[in-house]
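This report concerns only the one structure given below.
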Amino acid sequence: MAALHGGGNTSASGGDGEPPPPPTAGRRRGGWITTPFIIASVAGLTLAGGGWMNNLIVFLIQEFNIKSINAAQIFNVVCGCTNFFPVLAAILADSFLGCFSVIWISSLISFLGLILLVLTVTVDSLRPPDCATGSSFCAGPSRIQYTILFAALALVSIGLGGTRFTLTTIGANQFNKPKHQATYFNLYFFTLYATSFISATGIVYVEDNLSWAWGYGICIAGNVIGLALFLAGSRFYYRDKPQESPFTSLARVVVACIRKRNAEVSSESADYYYGDADGVKGAVEKAPTKSFRILNRAALKTEGDVLPNGSISNPGKLCTVQQVEDLKSLIRILPLWSTSILLSTPIGIQGSLTVLQALTTDRHLGHRFQFPAGSMIVFTLISTAISLTLFDHFLWPMWKRVAGKNPTSLQQIGVGHVLNITSMAVSAIIESKRRTAATSHHHPMSVLWLVPQLVIVGIGEAFHFPGQVALYYQEFPACLKSMASAMVAMQVGVAYYLSTAVVGFVRRVTEWLPDDIDDGRVDNVYWVVVVIGVCNFGYYVVCSWLYKYKNVDDEGVSES
């Protein structure tokens, strides 16, 4: 989630993509010649995205006089949007525009949003009058100021979401050998984490200690350089051709099933439609599976459904067996996917509240340097990056020697659940200590006390996010391979919206989250999150116990 939050993603489609065509007209398309341009774009756009997002809560509090909890709520909504937009971008790329067009259009939209953000911090009339942070007499933003602020956030969110998965996909599509794709992904992840670290430290420091205008100016420079270098490599890219949306074919299954709701389900394979193989001598025709039998009606042949040439007379009334089975596969895995929503919700709550906690602590490291509150995410980034490296080189080989097989994706996700719950419990304990120090001793606690909870959640992410990507990519139907990893972003987006709803509910029914968190009980909020996490883990255990792998066996789905 740290990578997702900071402007990157966890995986990409393209592993099963069409191989790049041979060079034509003396011009080379695809291959390693494209990698410098794409990786440079990843660096520039990640730098720009992380630069404005990581310090958004502090920006809203200091520059727009928005109350702390409200600022955290806006932050969660923005994070939810940036994790939903990649799914829409994937659909647009796959079905209409292609990856190349989605990337450059999204980058341009992001640029326009950053221009608006710069204007809000340089033009006095676009933000409220300056006011001492925490004062109850601060004037809030006017309607027009809110409008411009939200327009800017909408544009940068669309731009960031539009480039996330498409940059990874277009990079993977330049290669037809898995080992080359794996090398590209390693380079991508290194660039992603390196630039995320720079944006979470360097740019946030500039915003806090020099000016917001300079910080957002660096974001604009990163965005422009990333877009320019991406366009500079356009003549070398192999470009995928948009296809019909896979969701269209899945929707047809539902429509056909409803239209044939009175038909009797058959157990004979000859009664069903198989597409190109239908009626071909020697073709293997396997009847639809018995699970979710009601959906089998969609592939049941009735009079007039199939024309003499073997094509479908009405696509809204007849589907292939494969389309029916694809929808069944999606339905089977959705319960597991839903467990990941409540896995990510606590992380969203913790991320925003940690920034508010950091603002009340002693952030001085030495006599002169003050650690920026918006840079707290860097501890999660470092923890995740180090953990991924240690897992690949030590933990997974040791696991295989001891257990005789690699850990399954479900096992990895399960460990992530446990570590996530542990992190929230540590957050509750540390918050209790912080509040006591602030209210009883009148001496702020060191910001370093907040580091352990972020380190633990980072280790947990190194378990559950790669596990989720591997599970979805392997188990999703072939027609949805390009959407499999985007489902991780979708559940993170839902989780951020849910975290906003949870915080809003707590504010309505309790007094735990006042504008001054020293007067509240944030520790109780964390304990509630722990209870939610424990219940969700129980739900996950049941779902994983009932789930049967479709494309792999129990010998391990993770080959690190």
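Compute the length gained on full extension between residue 306 and residue 433: take 0.36 nm times their separation in residues and subtract their Cα-Cα distance, giving the result in nm to one decimal.
38.6 nm
Based on the alpha-carbon gyration tensor of segment 87-241, what equivalent-ellipsoid semi-axes (square roots of 5 times the eigenvalues) come out, in whole Å, largest first?
That gives 36, 18, 13 Å for the three semi-axes.
Can you tell me the Rg and the Dmax, both Å, for the Cα atoms in segment 55-126?
Here Rg and the maximum Cα pair distance are 15.5, 44 Å.
What FRET efficiency do you get for residue 95 and residue 443 if R0 is 41 Å and r is their Cβ-Cβ distance, rounded to the nearest 0.05?
With a Förster radius of 41 Å, E is 0.10.
Counting each DSSP H run of 4 or more residues in the chain as -39500 (n - 2.57), what helix-only mean residue ellipticity at 222 nm follows after dividing by all residues, to the nearest 500 deg cm²/dmol?
The helix-only estimate for the chain comes to -21000 deg cm²/dmol at 222 nm.
When the chain is fully extended, how far beyond the present Cα-Cα distance does residue 210 get from residue 112, taking 0.36 nm per residue of separation?
33.0 nm
What's the magnitude of the charge dipole for the chain around its Cα centre, counting Lys and Arg as +1 and Asp and Glu as -1 at the beta-carbon? Answer in Debye, nearest 20.
760 debye
Could you give the nm distance between label points at residue 70 and residue 235, where each point is 7 Å from its Cα heading toward the beta carbon?
Each label point is offset 7 Å from its Cα along the Cβ direction, giving 5.4 nm.
Expressed as a whole percentage, what fraction of the accessible surface of segment 24-109 belongs to carbon and sulfur atoms when a 1.4 Å probe is rolled over the protein heavy atoms?
Heavy-atom surface of segment 24-109 belonging to carbon and sulfur, 1.4 Å probe: 70 percent.
How large is the charge dipole for segment 325-392, taken about the Cα centre, if only the Cβ atoms of Lys, Arg (+1) and Asp, Glu (-1) carry charge, to the nearest 20 debye?
Here segment 325-392 has a charge dipole of around 200 debye.
Enumerate the residues in segment 431-453 having an amide nitrogen under 11 Å from the point lying 7 Å beyond the Cα of residue 518 toward its Cβ.
So the set is 435-445.
Between residue 386 and residue 187, what is the label-point separation in nm under the 7 Å Cα-to-beta-carbon projection?
My value for the distance between the label points is 2.8 nm.
Suppose we take every Cα in segment 292-347 and form the convex hull; what volume per residue is that in Å³?
89 Å³
Can you give me the Cα centroid spacing of segment 209-260 and segment 79-115 in angstrom?
Each part's Cα centre sits 4 Å from the other's.
Listed here are the pairs 241/548; 179/328; 179/405; 290/548; 317/548; 400/548; which of them are more than 24 Å apart at the Cα?
Among 241/548; 179/328; 179/405; 290/548; 317/548; 400/548, the Cα-Cα distance tops 24 Å for 241/548; 179/328; 317/548.
Percent of Cα-Cα pairs more than 30 Å apart in the chain, please.
For the chain, the share of Cα pairs beyond 30 Å comes to 54 percent.
Over segment 288-408, what number does the Rg to Rh ratio reach, with both radii from the alpha-carbon atoms and Rh per Kirkwood?
Expressed as Rg/Rh, it is 1.29.
Treating the beta-carbon of each Lys and Arg as +1 and of each Asp and Glu as -1, no other charges, what is the dipole magnitude of segment 406-552 about its Cα centre, to the nearest 20 debye?
Dipole about the Cα centre, nearest 20: 460 debye.
What accessible area per residue, rounded to a whole number of Å², is obtained for the chain using a probe radius of 1.4 Å?
Per-residue accessible area for the chain comes out at 43 Å².
Carbon and sulfur: what percent of segment 322-385's accessible surface (1.4 Å probe)?
Of all accessible area on segment 322-385, carbon and sulfur atoms account for 63 percent.
For an R0 of 41 angstrom, estimate the FRET efficiency from the Cβ-Cβ distance between residue 405 and residue 269 and round to the nearest 0.05.
0.70
The values are calculated or read from the model by the stated rules, or taken from the named source; none is laboratory data. Because the structure is a prediction, the values reported are computed rather than measured. FYI the Cβ positions are ideal-geometry reconstructions off the backbone, even for glycines, and counts take in every protein chain you see. We work out accessible area using only protein heavy atoms, side chains counted, and drop any ligands, DNA or RNA first. Shrake-Rupley method; radii C 1.70, N 1.55, O 1.52, S 1.80 Å.
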